1. Does at least one position in segment 305-314 carry a residue that is assigned to a loop (DSSP other than H, G, I, E, B), assigned by TED's automatic domain parsing to the domain that holds Val220 and at pLDDT 90 or above?
2. In segment 347-374, how many are surrounded by fewer than 17 Cβ atoms within 10 Å (Cβ to Cβ) and either of a type outside the set (D, E, K, R) or free of Cβ contacts under 8 Å to residues at least 12 places away in the same chain (or both)?
3. Report, by residue number, each residue of segment 375-408 that is surrounded by fewer than 20 Cβ atoms within 10 Å (Cβ to Cβ) and of a type in the set (S, T, N, Q).
4. Can you say whether Val353 is in a helix (DSSP H, G or I) and out of contact with any helix residue (DSSP H, G or I) (no Cβ under 9 Å at 6 or more places or on another chain), as far as the supplied structure shows?
5. Out of curiosity, is Gly431 touching a Ser or Thr at 6+ places or on another chain (Cβ under 8 Å), in contact (Cβ under 8 Å) with a residue 12 or more places away in the chain and small (Gly, Ala, Ser)?
6. For segment 489-505, which positions are farther than 13 Å from Leu416 by Cα and in contact (Cβ under 8 Å) with a residue 40 or more places away in the chain?
7. Inspect segment 130-143 for any residue being surrounded by 15 or more Cβ atoms within 10 Å (Cβ to Cβ) and either within 24 Å of Gly204 (Cα to Cα) or not assigned by TED's automatic domain parsing to the domain that holds Leu205 (or both) and give the result as yes or no.
8. Is it the case that Pro341 is touching a residue at least 40 places away in the same chain (Cβ under 8 Å) and of a type outside the set (Asp, Glu)?
Amino acid sequence: MKTESPMNLTTSFDSQSGWDEFREVAHDSVRKTSDISTLPLCVDLDGALVKSDTVADSVLALARQNPMALFATLSQIFRGRAIFKQQLSKVVHLDVASLPYNQPLLEYLFEQFADGRPIFLATTDRILAERVAAHLGIFTEVAAFDSAQNLTAEEKYDAMRRQFGETFAYIGSTAQDLFALANCKQPMVANPTEKLLAKLRSAGLEPTRLFLDIAPRLQVWIRAMRLHQWAKNMLIFLPLLLAHPWVLGGKTAVSIGLVAAAAIAFFSFGFCASATYILNDLLDVEADRRHPKKRHRPFAAGDLLARSGVLAILLLLACSLVLALALPRIVIAFGASLDNPFGLLAWLMIYAVSTSAYSLWLKRIPLVDVVVLSGLYTVRIIAGSVATGVSISTWLAGFSVFFFLALAYVKRFAELQSLSLRGAKPANGRGYLIADIEQVRSLGTASAFASVVVLTLYISNLNTNLYHHPGRLWLLLPLFLLWISRLWLLAGRGTLNEDPVIYAVTDKRSLLQGILVLGVVLSAL
């Protein structure tokens with residue numbers, strides 16, 4: 001349907017001002033529209049009512065729950081995408097209560113339902129649509145277009161016209177909806193794709209309403225990549241810092257080259273870690289939606305689609321690989337050399353395989369999961385060692401094993417404590433029970449204080465050639481004891497963020513203690 005005064009959609013929709021202009025003109029169009037509240041209202045499921053792609057969500061849920069069944073189900077795609085959707089809905093039962101619904105649209109639909117307007121849910125997946133309709137209780141009927149193949153834009157409109165006649169309202173979100181939007185009596189869009197927006201501009205169409213429920217793209221991708229988790233990669237610099245690079249034979253260029261090597265390893269591990277975090281979020285999307293905090297993660301909230309996540313994983317892994325391969329050449333350029341030029345690449349692959357195995361399988365095995373988590377911290381230290389050619393001491397290795405094992409345990413303890421305080425049961429497939437909480441606490445605190453014991457033994461057997469005032473390092477003990485004790489105290493109260501890394505980088509006391517630790521070490525040099 002073309003209007004007499006085409007809407008100007010030339011403004012970039014990446015900017016907030018562009019969306020504001022779109023919304024303002026859409027509202028003006030609503031005021032000009034005659035009373036059409038009795039028109040049948042047809043709503044598309046994927047992308048419109050639900051922000052995510054339910055097919056992708058189902059595939060990911062099946063990959064996590066039963067990978068072998070996934071391969072058998074994927075074979076159905078050769079019979080047609082629509083049949084594949086139906087078969088997928090038979091073996092995967094998405095939790096329709098926790099799906100990421102478009103909230104402005106949902107509010108509008110409830111208003112229309114209260115006014116007695118007939119509302120229909122349009123999709124080719126009848127099974128899932130009927131479950132969504134039963135959950136929401138506002139739909140007159142599910143308008144399922146039975147077909148072996150996904151309908152073309154024209155076929156989709158023809159199917160709706162046969163069911164509703166020439167006069168109906170439609171809410172879509174993709175370019176495939178353009179034909180229906182152009183020919184219905186009340187076109188509306190929900191979280192429209194860039195392709196649909198471009199077609200709307202070229203066709204001069206004015207949607208009467210815009211239901212926008214998306215977060216700013218840059219902010220969403222930063223959250224998805226979990227850049228704050230890159231703080232863990234500072235461990236890569238630890239072997240070099242403990243070796244005091246500024247005294248490496250007085251060769252300033254060599255020292256700078258090794259610092260550059262550590263920096264490259266930092267970014268290489270950062271890109272790889274972000275890729276694995278996205279993979280983990282994709283596989284956990286169903287469980288995250290039932291979690292009070294994790295449901296706000298970009299993929300669980302529907303702010304990012306699964307296919308975008310897959311592309312991001314490939315791109316991030318490519319960047320990580322390029323940096324790891326470039327490392328030996330950069331070190332040589334600074335006049336230094338490495339005994340194992342591709343050692344970083346080897347440990348990077350070990351890290352990637354371990355984190356992938358953790359996401360797919362190991363995180364559901366109690367105790368094994370925390371050992372793997374702690375090992376991933378230690379891998380970063382080893383990577384820093386091979387990237388710079390600086391060996392790590394047995395003391396550092398022993399300390400890292402116990403200290404990071406304690407952090408892994410406190411993460412699990414915080415999750416169980418949160419569930420216990422809410423009176424909920426574990427539903428994330430981790431394998432732990434509420435009854436395990438005290439055992440997890442005892443194992444975690446034992447590991448924490450074992451790390452302090454190792455630090456004590458290190459200081460008492462210290463090579464004094466590295467420090468002019470080694471006695472001052474004893475001040476590290478009360479600082480570590482205080483931080484560890486407070487960490488577990490907050491975890492026991494249920495006030496600790498379930499990720500200890502976030503706690504460490506956002507808690508003011510932790511940051512102050514970190515500065516004091518650095519001050520003690522510098523004063524001992």
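1. yes
2. Result for segment 347-374: 13.
3. Thr378, Ser391, Ser393, Thr394
4. When the stated conditions are applied, Val353 passes them.
5. For Gly431, the condition - touching a Ser or Thr at 6+ places or on another chain (Cβ under 8 Å), in contact (Cβ under 8 Å) with a residue 12 or more places away in the chain and small (Gly, Ala, Ser) - is not met.
6. Pro500, Val501, Ile502, Ala504, Val505
7. No, segment 130-143 has no match at all.
8. no
The values are calculated or read from the model by the stated rules, or taken from the named source; none is laboratory data. What you are looking at is a predicted structure, and each value in this text was computed from that prediction instead of being measured. Don't worry about glycine lacking a Cβ; one is built from the backbone with ideal geometry, like all the others, and counts go over all protein chains shown.
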